[in-house]
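J.: Quick one: the structure is below, and I'll ask about it shortly.
The values are calculated or read from the model by the stated rules, or taken from the named source; none is laboratory data. Quick caveat: nothing in here was measured; it's all calculated off a predicted structure. As a convention, Cβ positions derive from the backbone with ideal geometry for all residues, glycine included, and neighbour counts pool all protein chains shown.
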Amino acid sequence: MTTTYERERRLAQEIAPRVERELPGVDVLAVELLTPSRFCVYVDHPAGVDHALCERVTSLLRDYLREYTVDVSSPGLARPLRKPRHFARVVGHTVSLRTAEPVNRRSKFKGTVVEVGPEVLVLGVADGEHQTIPYDAIVRGNLIDEG
């Protein structure tokens, strides 16, 4: 049986290249299943995300409407982080992460992004400790609003 996270990854692998190719400048940050029949695509654009952009993305994903309700959203304050380039933009900021399988006996993390590599990121957690987390293990990552 396919897990929710595996379904999200499959959808993201299908949707992101299509949207980013058809709508230059659009960055698909994440695809999250909200229910078994509804997902949300979080997008960003250098000029911002408005209703018209969300409508264009939804139109591109029209074929998914047979099986899913499709929502399209701006990243908001809890900006989704999944890819190395997303984490590279938030070095020095606080994030929360969840992994599908435990990493050093934990699957939930909160800390400061210290370093970003091609395969892993280093997160500064409590008491000056550092935790190395492979990107492939991350199923949820979000920026924590520090304001």
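J.: Under 8 Å between Cβ atoms, at least 6 apart or on separate chains: pull out the pairs that start in the range 90-112 with a residue that is under 11 Å from N142 (Cα atoms) and end on any residue that is acidic (D, E).
T.: Cβ pairs passing all conditions: H93/E146; T94/E146.
J.: Criterion first (of a type outside the set (V, I, T), farther than 24 Å from I144 by Cβ and out of contact with any Pro (no Cβ under 6 Å at 6 or more places or on another chain)) does R66 satisfy it?
T.: Yes, satisfied.
J.: Restricting to helices (runs of 4 or more DSSP H) lying wholly in the range 1-100: which have 2 or more residues that are at pLDDT 95 or above and surrounded by 15 or more Cβ atoms within 10 Å (Cβ to Cβ)?
T.: Per the criteria, 4-22, 51-60.
J.: With closer than 23 Å to V26 by Cα and not small (G, A, S) as the only criterion, which of V103, V122, V90 stands out?
T.: The unique qualifying residue is V90.
J.: Go through L29, L11 for me and flag whichever is outside the structural domain of V139 (by TED's automatic domain parsing), farther than 20 Å from D145 by Cα and out of contact with any Lys or Arg (no Cβ under 6 Å at 6 or more places or on another chain).
T.: Criteria check complete, one pass: L11.
J.: Within the set of pairs 6 or more residues apart or between chains, which connect a residue that is farther than 16 Å from V90 by Cα inside the range 117-136 to a residue that is in a helix (DSSP H, G or I) with Cβ atoms less than 8 Å apart?
T.: Taking only residues 6 or more apart or on different chains, the pairs are E119/Y135; E119/D136.
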